[in-house]
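I have placed the structure first, in the form of structure tokens, so that the comments after it can refer back to it.
The values are calculated or read from the model by the stated rules, or taken from the named source; none is laboratory data. This is a predicted model, so every value here is computed, not measured. Note that each Cβ is placed from the backbone with ideal geometry, even for glycine, and that neighbours are counted across all protein chains shown.
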Amino acid sequence: MFASRTLKELAEYLGGRVVGDENITVNGLAPLESAGADKITFLANPKYANKVAETGAAAVLMAPGGEGYGRNIIEVANPYLGFAKLLTLFYTKAHPPLGVLPEATVGTQVTLGEGISIYPGSYIGNNVTIGDRSVVHSGVVIYEGAVIGDDCVIHANAVIRERCRIGNRCIIQPGAVIGSDGFGYAPDGTAYYRIPQIGIVVLEDDVEIGANSTIDRAALEVTLIKRGTKLDNLVQIAHNCQIGTDCMIVSQVGISGSTKIGNHVTLGGQVGVAGHLSIGDNVMVGAQSGVPGSLSPNAIYSGTPTMPHREWLRAMAVVPKLPELKKSISSLEKRIAELESKFAE
Amino acid sequence: MFASRTLKELAEYLGGRVVGDENITVNGLAPLESAGADKITFLANPKYANKVAETGAAAVLMAPGGEGYGRNIIEVANPYLGFAKLLTLFYTKAHPPLGVLPEATVGTQVTLGEGISIYPGSYIGNNVTIGDRSVVHSGVVIYEGAVIGDDCVIHANAVIRERCRIGNRCIIQPGAVIGSDGFGYAPDGTAYYRIPQIGIVVLEDDVEIGANSTIDRAALEVTLIKRGTKLDNLVQIAHNCQIGTDCMIVSQVGISGSTKIGNHVTLGGQVGVAGHLSIGDNVMVGAQSGVPGSLSPNAIYSGTPTMPHREWLRAMAVVPKLPELKKSISSLEKRIAELESKFAE
Amino acid sequence: MFASRTLKELAEYLGGRVVGDENITVNGLAPLESAGADKITFLANPKYANKVAETGAAAVLMAPGGEGYGRNIIEVANPYLGFAKLLTLFYTKAHPPLGVLPEATVGTQVTLGEGISIYPGSYIGNNVTIGDRSVVHSGVVIYEGAVIGDDCVIHANAVIRERCRIGNRCIIQPGAVIGSDGFGYAPDGTAYYRIPQIGIVVLEDDVEIGANSTIDRAALEVTLIKRGTKLDNLVQIAHNCQIGTDCMIVSQVGISGSTKIGNHVTLGGQVGVAGHLSIGDNVMVGAQSGVPGSLSPNAIYSGTPTMPHREWLRAMAVVPKLPELKKSISSLEKRIAELESKFAE
């Protein structure tokens, strides 16, 4: 079981303020409806504010100024963030340092940091560097010369190809592929001639890559994903792309070659982005949209081809009425023709 | 080679009825055109009924009441199902129990059933349970505490993460990932703070998962796929989803977090479903559709955003004519303006 | 470092012609802007023709007839192809033959060619054949009876299932799955009965498969990908499909069962193709399109459902104006009604 904490300790950890008894202890987090007397709960969505009155929890995490119904409260500016932090505090723990386990294969001139864990069945090629406390799960294959930073978790059966570089605190979900060959061929008139992809992939710090996502190495230089960006599962990033900081790339998005994505960009699920484009900072693109051209910053877009999101909503509202509009036009044509003929009489 | 069977035996196995010589033997199944005299063939599509006259097969599996052209017939209510059952009978066999093969890694406190096969290069974490006759192929990684039922086949390089639970007779195709972390982050104003995903995935009995599909573990509780549901390749199921019984989820579908799908639902290829929705029983959604809101049961939908399928067909028929309709409207405007001016004279 | 070459040698290798000093040597290839005096550069896009004047490179690869600004030139008909060939010459080398490395698992009756490399942690089933100089990376699983040709590279954690056949010079990127079970089930009224998929996958020579792509084995016979066709990452090919020669299938495309694709077909990213269709030779389909029916050869299509590409462009240009058109129609109706009533007076 995880350790108990007083509300005082939790408030300090969260940068919040206790309203009520700060010496109460809790040993975990649970939803408003199901929390017992040894748990803290949280109110992130104001819609459920009245459930605070009835919760069985010992304390409630909520935004300042809410109705507390006399409960013990920890007030924090961002209760959803507080919820995430308490989950981390109560339910996660550092991976114990296991070292290189038997049946892992480690090449020559490999540099391993302190406190690492390399599981059986993983393969670490020659000249690889792995930073402190990083965990390499079973079935992971790291090709020659790759560099992994500190505090990374590389989950089972992920592949990191030659010379790619992963920053600190990166998490790679199972089956993800970093550094596969970019899809580049020169037509020779009849067949396709393979263009060697001699570049690499660089993931900066705090990047996370979803399960079975694929990130192609650059043709000549670097496919780059900047600090803090998160990719969901089954995402495709083509060669030479550059993705900014703190982007959210939702599942099954595909980004074509050499496109540059700004900072704080959100791409909804299954979005496709054409190649050689520039997507501005703080752009949001709605799910399933197809982006054929560059997008200005600080705006929301949807549709295939993309247009401003509100415009798209209005246009889509008309689509089901198209057959009716077509009929109206035919009917108008007849009526006008009739008027015209009458007028000509 | 596989054993020969009399038509009588086959009719009993299929719950059908022989018309003709029930002592004839066959040793396999082949298409109408290519079947030889030692094979049974099948008529599943009435379009090909006249080929029954000319087939070289020893016997024909068909629905009751069809024209038999004097052939030996096994009548069954559902010949396509009969075809599947005969394929199973003639061409599949139980995996021989190989035990734990050398070079498989098995952790501590692992419970292994009778008649299992654990291939070289697989990794079974501590406290894992694997049921009777289940097969774990090479490169499979099963994290700590996972539970696999009886008669499962886990194909090469699939990954099952910690504490996930797989029912009986489940088939996991190569590279599928069960229990990757859900895509959950709390924005802290500038960056994203990772929300620990402490829940699990549960697959009930007879669930099948396609190659390289990904199913995220729940944030707190369970991502659930109920009995008999089949997922095709490269499907994404986000955290906290619940999928009903006997659904068909075709390739490259993506279902966002916390959505509930009813029973007997079919989602066509590349469909995207938004989060926190409810999709009713017996719904069918056409390929590539985007589902932004909940859908009522017992209906067919298409489009992005989805609408009733027939409505979508009618609307889509108008789309190529839009430029022409736009011109018609301009032309009408001119004609009306002219009439108006004439009338005003 | 890679070896130096004279311009004369390079011109012979490329089938080009030197203009200038053919005895100059270079040791690599670099872009116009950054090339040093020991490098050759290339002009593939005429837009950058004036950069030839200022490049620091020792020589320039370009099409015949361009302005050479007095530089040493190698003229070739297709400079982009020449660029690809020089990259190959300078920056790639044959994989050294490592043999079967320790900790690879090789079954019985396996036939291994000359000069192969089988990495640790790979699994080669019984009765597998692997041709000369082929490389099998770590974590690859090859099931019983599969056949791999000469000069293939099977990257880490790819899976090739039983009896599938891979031609010569094929490249399989990490995590790709060849021969997973086709998605075939016979409804038995309530549940789905699995149809055994007893066929195979055949990849002809020079086929390349992207990372985490999935190609299902046929139900009865063969899923076939013909010579020279390239698949990008995360592509899904369903059972019984046949793809012609020299096709380009871009990332995240999904092709449904039993569809036949002609030769030299290009499918843009995220395209979906329905089952049992025929796509003609030299067809191009724009990204994200949905193909519901067969397509005639030698044409470009876009949209869901697909239409001729130019028609689609014109129709899509109208979509954002739909709300305005709807208003115009309403307004016209009022004006006509008014005219009609006036006329009736």
> Conditions: (1) touching a residue at least 12 places away in the same chain (Cβ under 8 Å); (2) farther than 24 Å from residue A:242 by Cβ. Residue A:314 meets all but one. Number of the miss?
Replying inline: (1)
>> Restricting to region C:201-225, and then to whatever is surrounded by fewer than 23 Cβ atoms within 10 Å (Cβ to Cβ) and in a loop (DSSP other than H, G, I, E, B), can you tell me which residue is farthest from the other protein chains (Cβ to nearest Cβ)?
In response: C:204
>> Being part of a loop (DSSP other than H, G, I, E, B) and buried (at least 17 other Cβ atoms within 10 Å of the Cβ) is the filter here; which residues of region A:114-135 pass it?
In response: A:115, A:116, A:119, A:120, A:121, A:122, A:125, A:127, A:128, A:131, A:133, A:134
>> Being more than 7 Å from every other protein chain (Cβ to nearest Cβ) and either under 22 Å from residue B:291 (Cβ atoms) or of a type in the set (Asp, Glu) (or both) is the filter here; which residues of region B:318-336 pass it?
In response: B:324
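Quick one: in region C:34-87, which of the residues that are hydroxyl-bearing (Ser, Thr, Tyr) and touching a strand residue (DSSP E or B) at 6+ places or on another chain (Cβ under 8 Å) is nearest to residue C:7 (Cα to Cα)?
Within region C:34-87, the match that is nearest to residue C:7 (Cα to Cα) is C:41.
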> Are any of the residues in region C:166-174 modelled with pLDDT of 95 or more, assigned to a strand (DSSP E or B) and within 12 Å of chain B (Cβ to nearest Cβ)?
Replying inline: no
> Quick one: would you say residue C:149 is small (Gly, Ala, Ser) and over 27 Å from the mean Cα position of the chain (by Cα)?
Replying inline: no
>> Residue under question is residue B:328, and the condition is that it be touching a helix residue (DSSP H, G or I) at 6+ places or on another chain (Cβ under 6 Å) and within 30 Å of residue C:329 (Cα to Cα); does it hold?
In response: yes
> Do we find that residue C:115 is among the small types (Gly, Ala, Ser), within 28 Å of residue B:177 (Cβ to Cβ) and more than 12 Å from chain B (Cβ to nearest Cβ) in this structure?
Replying inline: no
> Residues of region C:274-293 being more than 9 Å from every other protein chain (Cβ to nearest Cβ) and outside any loop (DSSP other than H, G, I, E, B), which ones?
Replying inline: C:278, C:279, C:284, C:285, C:291
> Considering region A:59-90 alone, what residues qualify as being closer than 16 Å to residue A:25 by Cα and either touching a residue at least 60 places away in the same chain (Cβ under 8 Å) or touching a Ser or Thr at 6+ places or on another chain (Cβ under 8 Å) (or both)?
Replying inline: A:59, A:60, A:61, A:71, A:72, A:74, A:86, A:89, A:90
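Out of B:179, B:228, which single residue is of a type in the set (Gly, Ala, Ser) and either farther than 24 Å from residue C:121 by Cβ or part of a loop (DSSP other than H, G, I, E, B) (or both)?
That would be B:228, the only listed residue that is of a type in the set (Gly, Ala, Ser) and either farther than 24 Å from residue C:121 by Cβ or part of a loop (DSSP other than H, G, I, E, B) (or both).
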> Of all residues in region B:10-29, which are more than 17 Å from residue B:65 (Cα to Cα) and surrounded by fewer than 16 Cβ atoms within 10 Å (Cβ to Cβ)?
Replying inline: B:12, B:13, B:21, B:23, B:27
>> Restricting to region B:182-193, count the residues that are within 19 Å of residue B:275 (Cα to Cα), in a strand (DSSP E or B) and either among the acidic types (Asp, Glu) or at the interface with chain A (Cβ under 7 Å from one of its Cβ atoms) (or both).
In response: 2
>> Take residue A:18 and tell me if it is more than 28 Å from the chain's Cα centre (by Cα), over 30 Å from residue A:143 (Cα atoms) and of a type in the set (Val, Ile, Thr).
In response: yes
> How many of the residues making up region A:149-170 are buried (at least 24 other Cβ atoms within 10 Å of the Cβ) and within 13 Å of residue A:117 (Cα to Cα)?
Replying inline: 4
>> From the list A:289, A:294, A:278, exactly one residue is crowded, with 18+ Cβ neighbours inside 10 Å, in contact with a strand residue (DSSP E or B) (Cβ under 8 Å, 6 or more places away or on another chain) and of a type outside the set (A, V, I, L, M). Which is it?
In response: A:289
>> I'd like the full set of residues that are over 16 Å from residue A:171 (Cα atoms) and either buried (at least 24 other Cβ atoms within 10 Å of the Cβ) or in contact with an Asp or Glu (Cβ under 6 Å, 6 or more places away or on another chain) (or both), limited to region B:171-200.
In response: B:171, B:172, B:173, B:174, B:175, B:176, B:178, B:199
> Is it fair to say residue C:240 is touching a residue at least 60 places away in the same chain (Cβ under 8 Å) and within 13 Å of chain B (Cβ to nearest Cβ)?
Replying inline: no
> In region B:141-148, is there at least one residue being of a type in the set (Asp, Glu), assigned to a loop (DSSP other than H, G, I, E, B), out of contact with any Cys (no Cβ under 9 Å at 6 or more places or on another chain) and at the interface with chain A (Cβ under 9 Å from one of its Cβ atoms)?
Replying inline: no
> Across region B:247-273, what is the number of residues that are away from chain C (no Cβ under 12 Å), outside any loop (DSSP other than H, G, I, E, B) and either surrounded by fewer than 24 Cβ atoms within 10 Å (Cβ to Cβ) or among the acidic types (Asp, Glu) (or both)?
Replying inline: 1
>> Go through region C:51-101 and report how many residues are under 26 Å from the mean Cα position of the chain (by Cα), part of a loop (DSSP other than H, G, I, E, B) and of a type in the set (Ser, Thr, Tyr).
In response: 1
>> What's the number of the only condition in (1) at negative phi; (2) polar (S, T, N, Q); (3) touching a Pro at 6+ places or on another chain (Cβ under 9 Å); (4) modelled with pLDDT of 95 or more that residue C:122 fails to meet?
In response: (3)
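Can you name the residue in region B:309-345 that is touching a strand residue (DSSP E or B) at 6+ places or on another chain (Cβ under 6 Å) and surrounded by fewer than 18 Cβ atoms within 10 Å (Cβ to Cβ) and, of all such residues, is nearest to residue B:267 (Cα to Cα)?
B:309
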> Would it be correct to say that residue A:182 is under 14 Å from residue C:155 (Cβ atoms) and in contact with a His (Cβ under 6 Å, 6 or more places away or on another chain)?
Replying inline: yes
